[in-house]
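Asks: Encoded as structure tokens, here's the structure I'll be asking about.
Quick note: the coordinates plus some simple rules give every number you see, no bench work behind them. What you see is a predicted model, and the numbers here were worked out from it, not measured in a lab. Here the Cβ positions follow ideal geometry from the backbone for every residue, glycine too, while neighbour counts run over all protein chains shown.
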């Protein structure tokens, strides 16, 4: 980690100097201190991306996200800056990817078809559906479905931050994190979305739950997870994609239910 400057200031003092006095040197020190966060988020998001995506470009967008986080963070609320900054960095990288049109529309449409298939069938059967059932619903062979998963694996890097509907700007993550909503309705909303996520996770297969746990909670890379589970990286990527698409379906259903009330 880069040494903090000026060295005589603590982290809290740097935040105070920057936010209360507009000290640009303190701001620069904060940026330097948290730069490793950019590397961390960039390395995780680079997994599974097309070869034409340059990692340095991701990092450049990530730095802009870090600066934005430092400019907007309210240190007085006692929140964890690393968590807040990680979302800002990730969001900036995703915005950069979208502006670069890195995923063809046809691939996005495939991902949407699979997501909607999971949502429909799991709502109908009230359980985790199999690859065979999904394949039949999509009128594909299981091999064709597997190939489709490989095609759309790159779209799941955006995970819960894709728009819920293409014509809407609201994202699934905005349903989880809403700083403006502090009324009782928000508490009800928060309860139901957590319930939707719990149900969605319950319907993941054992292997899918393991991948989600190792990737998002233990913070292993997909290649490390492949070693742990003695599976190929491509198989881990497929399991990750299916897990994310199931969870997207669960949250999309939650959104639809809210719109009806």
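Asks: Using the Kirkwood radius over Cα pairs, work out the Stokes-Einstein diffusion coefficient for the stretch 11-99 at 4 °C and 1.567 mPa s, in µm²/s as a whole number.
Replies: In µm²/s, the coefficient is 96.
Asks: Continuing with this model, one more query. At a 10 Å Cβ-Cβ cut-off, how would you order 125, 40, 84, fewest neighbours first?
Replies: 125, 40, 84
Asks: Right, another one. Which order results if 113, 246, 98 are arranged by neighbouring Cβ count within 10 Å, fewest first?
Replies: Ordered by Cβ neighbours within 10 Å, fewest first: 98, 113, 246.
Asks: Under a crude label model (7 Å from the Cα following the beta-carbon direction), how far is residue 125 from residue 147 in nanometres?
Replies: Result: 2.4 nm between the two label points.
Asks: Right, next: Taking 0.36 nm per residue of sequence separation and subtracting the Cα-Cα distance, how much length would be gained by fully extending the chain between residue 105 and residue 80, in nm to one decimal?
Replies: 5.3 nm
Asks: Ok, one more. May I ask you to work out the translational diffusion coefficient for the stretch 96-136 at 4 °C, viscosity 1.567 mPa s, via Stokes-Einstein with Rh from the Kirkwood sum over Cα pairs, reported in whole µm²/s?
Replies: On the way: Rh = 11.7 Å.
My calculation gives 111 µm²/s for D.
Asks: By how many nm would the segment from residue 218 to residue 113 lengthen if fully extended, with 0.36 nm per residue of separation less the alpha-carbon distance?
Replies: Details: separation 105, 0.36 × 105 = 37.80 nm, distance 3.02 nm.
Gain in length upon complete extension: 34.8 nm.
Asks: Label the stretch 63-131 by shape, choosing from rounded, prolate and oblate, from the square roots a ≥ b ≥ c of the eigenvalues of the Cα gyration tensor; if a/c is under 1.5 it is rounded, and otherwise prolate applies when a/b is larger than b/c, oblate when it is not. Walk me through the intermediate numbers first.
Replies: Details: a/c = 5.13, a/b = 1.77, b/c = 2.89.
Oblate, because a/c is 1.5 or more while a/b does not exceed b/c.
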